[in-house]
Structure formats: structure tokens, C-alpha cells
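Trainee: To start, I am sharing the structure in question, which I have written as C-alpha cells.
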Amino acid sequence: MSWRGLADQVGYTPSWLSKVKNGTPPSAELARRCDQVLDAGGRLMALATESVPARPAQLPAAAARFVGRERELTQLHEALMDDRQLGTPAVVAVDGSPGVGKTALALKLAHDVASAFHDGQLYVDLRGYSPDGGPARATDVLGDFLAALGVATDSMPGEQDQRAKLFRSLVNQRRLLIVLDNAAESAQVEPLLPGSGQCAVIVTSRRRLSGMAMRTNARQVTLGPMTGAESLLLLRNVIGDDRADAEPAAISALAKHCAHLPLALRIAAERVATHPHHPVDELLEELDADEHRLDGLATDDSLAVRSVFSWSYRDLSTESARMFRLLGVLRRGQISTPAAAALAGVSSVQGRRLLERLASVHLVEGVERDRYRMHDLLHVYAAELVRSEETKESRREAAIRLTDWYLRTAERANEALAPFRVHMLELPSTGPTVTPLNFDTPVEALRWCDGEVANLLPVMETALAYGLADSAWRLCIASWDYFRLRMPMGVWVATHELAEQAAREAGDRFAEAWVQTNLAVARHRLHDFAAATRLYEKALATRRDIGDRHGEAWTLAGIGLLAVDQRDADTAEANADQSLTLFRELGDRHGEVTTMATLGEVRQLRGDHHGALVTLHEALWVAQDSDDAADQAETLLKIAAVYLADGQAGRALDSLDQALVATREVRNRMMEAGALFRRGLVLRELDRPSEARESLTAALALYEEVDDHRAGDVRAELDALS
């Protein structure tokens, strides 16, 4: 372009441009026009404004008594100080839930590394989540940055793109640290990034800024709640060692009530420190009740935990906000995508999309494939919202959908675990909004049960909170086969005790007796024979009183088995005989086989191996006559045990081989594993080590497939064969 052509386009005379060429300083307006016409990307404007470079120092003070986060600080420090490619700034991004301490961590890091950035530090709160107004505009932030770098207001271009070019030009040869706090999204951050490899940027956001990270190769760190040790140290630093040492249990409980969330911990600590003569237990009492906990985590002149949560909630779409607050219906626990979809009455695809949106802003946390959780304080907040923003009817409908989904999925899972058993639980018809899961194999069903076992009690508590006692006790009964297989004794007992109480309060004596019988089995497995006896006696009296003859038969059968383990042959025989009579009257061949097997064990208990085998073979004939392969398998396993006790290992092996065929016919993989295990031991006794190893290895594979604790016993036997 000619000199005259440039003069025409910028609106200045050629003579004036000649003066500038010969040393006269250009005005900011002339520099701007030349930069625009020559497409210099802000370099000419930067030269015109760069007399004595300003050295900004905008970092706010770091948090007093900052504690913990050593691992995260180390990761971020290494990323910031790493050698970068030319034109690639070092960028680190910290994301996490509200109140988790992102800003405190960013400022701690910034002050730690500030001395390495001799040209200064820029800081801005981007107001991605704030009590008033919307997110800061990148154009306005660039204006503030340019002013801090010495650009006069009248020299600044008005357009965002021109300001960004000028900003990049000004910092091109500088070593600056830039902190972009509380970002809303990647699009807000990207115009504020330098192009110089000598600069570094720290970004914080409640959202994971994946777009920005992909374009800048940013190091991303997701910040979670503090560890227990970090929480205690934070509390101790604020309230003092003497107070912490005087009430250690209360201080630990306080950290737990705060969900180890730094904001909540600092507020609680300040409240304790403000009242040195009040015991910490007073604050704990205030925080104990969920409905008052967030009230307790606020002071007159501090940011309340509830307020910080509300900024994230307010930014959600209508659908996402509804999903978040409905999660407050469930009494704690994790939740799967299908369960959350049932809770909200939406499809699984839509439920997954909503949960992913909540996870992107850290209002829920993904813990494994298709499972999510929220920390206690966020759950308290969700429960507050569901009470205030949903009607009583809509809350109850959500609880019905959730518990109905769990009940029907548990029923299908347990039918898949024991397809050979007659399942007597009757369920009411369901509405169209609930779609329970289906299971093609017992292994799929077992894995689902393993994943949900910790949720059984919270789901039952949810059911009872909304007056759904029938769903609560039925969930226990529907999970019967899983309890018998895996024996999660703590959950087994806790759920059944709650179900017993619910049935009693509802006046449902039929349900109460059924639950008591199943609970008695748990107490039996725990060798709490006295408690098991009391439960069986209560259930038996109720079942006789209400005329539940089938339930009476099974309760008598349980009493007989309990007596066998107590080596009380007479009591075992008397109850088994009564049970057998009832089962035969009712035409229940499965109950008949089960009770005859107990009578076989009674004869073995008395040392009468021949009589035991006669009785067990009679039971086997009944099972074969009714074409019940499951009963055949269980009876053959008992027959093998008697043969082995009688020194007839060869016949024991024959019975185990037959049992294997039956277990495979009914697809009972756990019984098959048990048969293979016993078979391996018998083969070892028969001095057939290679066959023993083959059988034990097959048993081990089945146990490992479902992560069964008995795999350890099999490994020990295999090691002994080596």
C-alpha cells in the first residue's frame, strides 16, 4: 500500500503521516486506525500505548490459615511452571461444587508462584455464579485488563475482538500471571487468554470447562470436599488447640455435619470461636436436624452456605432444576440413572442427560458408570427445595415412582437369581411411568443387587416417610434370594427390623409375621439363636392366629433348622414333622423336600447315617417326581455330605456329579460353584489331584465372576494342592 493510499484510508494527511514517520508520537486514534487498516492485530496500538509498562498487582489476599490441599497444589504448581511451547500459555483449571474452596485454592497457588511472574498479576471475578447480575462480559474484562496495563480509556477499541488483539499484543513479551475466577463457561474465558508462552492462567469454575481445556491443553483439577484430617486441621486453626483438645469427639462430629466442605467448616468454626464459653455440642444439636442445618451454617456477616448453593441452582434449566430438587426425596444414598429417571417420571435417556448436566456443575458427582451421589449439605439443600417448590402430591408421586421401580426391579433380579423357586410375593399393578430393569442372566441380576444393596435402607426410609409401608416391607421380601446368597448381614437385619416396625404400625399382621420369619433366618445365620427363637415364636403365633397355614409351615421349618444347628434333635424333629404334615396338606412339594432334608439331618445328628441317607433319598425321589431340579441339587449335596461323613468318598463323588448336572439345569451358578468346591475336596481325598485342581479352578472362576468372598477359600485349597 502506498503512503498516500494509507493516508486516504486512515483519514490523515500524508504530511502528518510523514511527521509520525520522522519521530512525532502518534495519537491513540491514529494508531488504532492504522492498526485496523493494516490488520496488525493490535501491535500498533500496543506500541502507541507502551511508554512505561504498567506492572499490575491485582491478586486479592489469600485465605487466612489456609490448610490442606497439598496434592492439588503440587499438581497445579508443576503445571504452571512447566516449560511451554512458544505461543502456548500455561493454563490450569480448578472446578468443583459450590463452597468447596476453589477460589481459596487458586489464590493460595497464585501467591505461591507470583514471584516467578515479574511483570505482575491480573485478577478478575467473572461472576459466573453470583447473587446479582449476570456473568461479566469479556469485553468489559478486557477493558479493565488494558487499563491495568496502562492503556488510556480513549485509546481502547470498543469491539471485543480488537480489545483481545491489543491485550495479546501488550502481554506478548511479558511474564504475567492471570487469575480468572468464577467462570461461567469456556466461551467467557477464551477471549481473555494470552497468546504468550511466558504467561500463565489460573481459572476456577463450578463447571468443568472441557472446551477451553481442549483448545489450551489446560491441566484440569476437580476439587472435592476436604479429607477428615484436613477438616479437623481447619477447625483447629480457627478455634484453637485448647478448645479442639477439650472436645475432640464434638469437633469430629462437627466436621462430618459440615460434609467436610471448606465454606461450611469455616462458618461453623467462626461460630464456635465467637462463643468460647459454649460447648461445641450446642452447635451440633442445631445442625443435627436436616431441616435446620443450613440455617446453622450462616452468620450475620458471612456468605451463607445456602446462598452459595442457590447461585448454582438458579442457573439450571427448568428440567435440570426439577431433577435436582426431586433427588431430595430419596433419603441419602447413591442413585442410578434408571432410578433417577423413575423418580422424575422421565425416560432413561432424558434422566441421563439431566444428571450429566447436574454433574457438569458439580451439583451431583458421578461415582461410577451411571451412578451419582451428592454430599450431605447439597442433599439437605435439595430436600429443602423439594419441600418448598413441589406440592405434597408431587413429592408423594415421585416417592411412589421411585419405590415402585426399586420394588419391581428387585423382584425381577431375585427371580433371575432363583428361577427354580416359587416366588410368592404379590405386587400391585404399576403405572405407565415405571419401567423396571430386566436381567438376562443371574450374574447381571447379582451385580445389580450388589450395586444397590446400600440403597435398600434409604429407599425403605423414603417409602415410610411418604406413607408407603406396603412398598417398604415388600422390598425386603422381594430381596430374599439376594440376602440368602450374599448374606449382607448388617443390611439384612437393618432393613427387616425397619420393615417389622412398619408392618406393625400399619396393623398388617400377615406382613409382620413374614418379615419376622425372614429376620429370624438372619439372626440364625449370625448365631444369635435366642433372638432367632423369639422371632420364630412371634411369627408362628401370628400365623396360626390369622390362619396363614403356608406361612406357619415355613416358620416351623425354620425352627427345625435352627434346632439342628443347636444340636437339639428332638425339637428339630418335632417341628420338622409338623411342617412336613402342613406342606403335604398344602401340596407344596418344595416345602416337603426341604423339611424331609431337615429330618435327614436330624438322623445324621443322632449318628444314624443309614437312616439319614434313607430319608434324604426319599426327599430326592419327591424332588424327582415333581421335576424340581433345584430341590434335587440341594438334596444331592446333603446326601454327598452324609456319604463323606460315613467314609464313603466314592459315593459322595457320585452324588456331587449328579448335583452338578442339576445345578446347571436350573442355572444356579452359586450352587454349582459350591458343588464344584466340594467335589474338588473329595477328589483330593481320593488322591486324584489333577481332577481336584480342575474342579477347584472351575469353582474359583464362578466365585470370582461375582466377587464372592468364598473365592478366598478356594484359592487356599488350590495353594494347598501345589
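Any read-out appearing in this document is the output of simple, stated calculations on the displayed coordinates, not a laboratory observation. On a predicted model such as this, the values are computed, not experimentally measured, just so you know. Cβ atoms come from the backbone with ideal geometry, glycine included; neighbour counts cover every protein chain shown.
Trainee: Quick query: amide H of Val91 versus all other amide H atoms, modeled in the peptide plane; which residues come in under 5 Å with a sequence gap of 5 or more or a different chain?
Mentor: Here the answer is Val201, Arg219, since their amide H atoms fall under 5 Å of that of Val91.
Trainee: Please list, by residue number, everything in segment 476-494 whose backbone N is under 16 Å from a paramagnetic label point 7 Å out along Cα→Cβ of Arg534.
Mentor: 493-494
Trainee: Hey, another quick one. Could you state the number of Å between the C-alpha centres of segment 364-387 and segment 504-555?
Mentor: When both Cα centres are located, 37 Å separates them.
Trainee: I would also like to ask the following. What FRET efficiency do you get for Arg447 and Thr153 if R0 is 60 Å and r is their Cβ-Cβ distance, rounded to the nearest 0.05?
Mentor: After rounding, the FRET efficiency stands at 0.40.
Trainee: Related question: How high is the relative contact order of segment 142-201, given as a whole-number percent (alpha carbon pairs under 8 Å, six or more residues apart)?
Mentor: 36 percent
Trainee: For segment 307-390, rounded, prolate or oblate, judged on the Cα gyration tensor with a ≥ b ≥ c (square roots of eigenvalues), a/c < 1.5 rounded, else prolate if a/b > b/c?
Mentor: Cα axes put segment 307-390 in the rounded bin.
Trainee: Identify the trypsin sites (Lys or Arg not before Pro) of segment 331-377 meeting these criteria: DSSP loop state and at most 15 other C-beta atoms within 10 Å of the C-beta.
Mentor: Qualifying residues, ordered by number: Arg369.
Trainee: Continuing with the same structure: Which value in Å is the Kirkwood Rh of the chain over different Cα pairs?
Mentor: By the Kirkwood definition, the hydrodynamic radius is 31.2 Å.
Trainee: Also, quick follow-up: Could you tell me the ratio Rg/Rh of segment 649-722? Both radii from Cα atoms, Rh via Kirkwood.
Mentor: Ratio of gyration radius to Kirkwood radius for segment 649-722: 0.96.
Trainee: Given contacts defined as C-alpha pairs under 8 Å and at least six residues apart, what's the relative contact order of the chain, whole-number percent?
Mentor: Once normalised by length, the contact order is 7 percent.
Trainee: Further, regarding this structure: In sequence order, what are the phi-derived ³J(HN,Hα) couplings for segment 584-601 according to the Karplus relation 6.51 cos²θ - 1.76 cosθ + 1.60 with θ = phi - 60°, rounded to whole Hz, with x for glycine and proline?
Mentor: 5, 5, 7, x, 8, 5, 5, x, 4, 5, 4, 6, 5, 5, 4, 5, x, 5
Trainee: Apply 1/(1 + (r/R0)^6) to the Cβ-Cβ distance of His610 and Arg549, taking R0 = 25 Å, and write down the FRET efficiency to the nearest 0.05.
Mentor: 0.15
Trainee: Could you check what % of the DSSP bridge pairs in the chain are antiparallel, to the nearest 5?
Mentor: Approximately 20 percent, going by the DSSP bridge assignments.
Trainee: Further question: I need the shape label for segment 228-303. Rule: rounded when a/c is under 1.5, else prolate if a/b > b/c, else oblate, with a, b, c from the alpha carbon gyration tensor.
Mentor: Rounded is the answer for segment 228-303, as its axis ratio a/c remains below 1.5.
Trainee: Using a 7 Å offset from the Cα along the Cα-to-Cβ direction at both Arg396 and Glu705, what is the distance between the two label points in nm, to one decimal?
Mentor: 4.6 nm
Trainee: May I pose another question? Can you work out the Karplus-derived ³J(HN,Hα) for every residue in segment 567-581? Use 6.51 cos²θ - 1.76 cosθ + 1.60 with θ = phi - 60°, whole Hz, and x for glycine or proline.
Mentor: With coefficients 6.51, -1.76 and 1.60, one gets 6, 9, 5, 5, 5, 4, 5, 4, 6, 5, 4, 4, 5, 4, 4 Hz.
Trainee: Classify segment 429-473 as rounded, prolate or oblate from the Cα gyration tensor: take a ≥ b ≥ c as the square roots of its eigenvalues, call it rounded if a/c is under 1.5, otherwise prolate when a/b beats b/c and oblate if not.
Mentor: Here segment 429-473 falls in the oblate category.
Trainee: Next up: Kindly state, to the nearest 0.05, the FRET efficiency for Ala298 paired with Ala57, given R0 = 30 Å and r defined as their beta-carbon distance.
Mentor: 0.35
Trainee: Which residues among segment 515-554 fall inside the zone where the amide N is under 14 Å from a point 7 Å beyond the Cα of Leu425, along Cα→Cβ?
Mentor: Output list for this probe position: 515-516, 518-519.
Trainee: Calculate one ³J(HN,Hα) per residue across segment 137-150 by plugging θ = phi - 60° into the Karplus curve 6.51 cos²θ - 1.76 cosθ + 1.60, and present them in order as whole Hz with x for glycine and proline.
Mentor: 7, 4, 4, 5, 5, 4, x, 5, 5, 4, 4, 5, 8, x
Trainee: When the Cα atoms of segment 70-223 are enclosed in a convex hull and the volume is divided per residue, what value in Å³ results?
Mentor: 104 Å³
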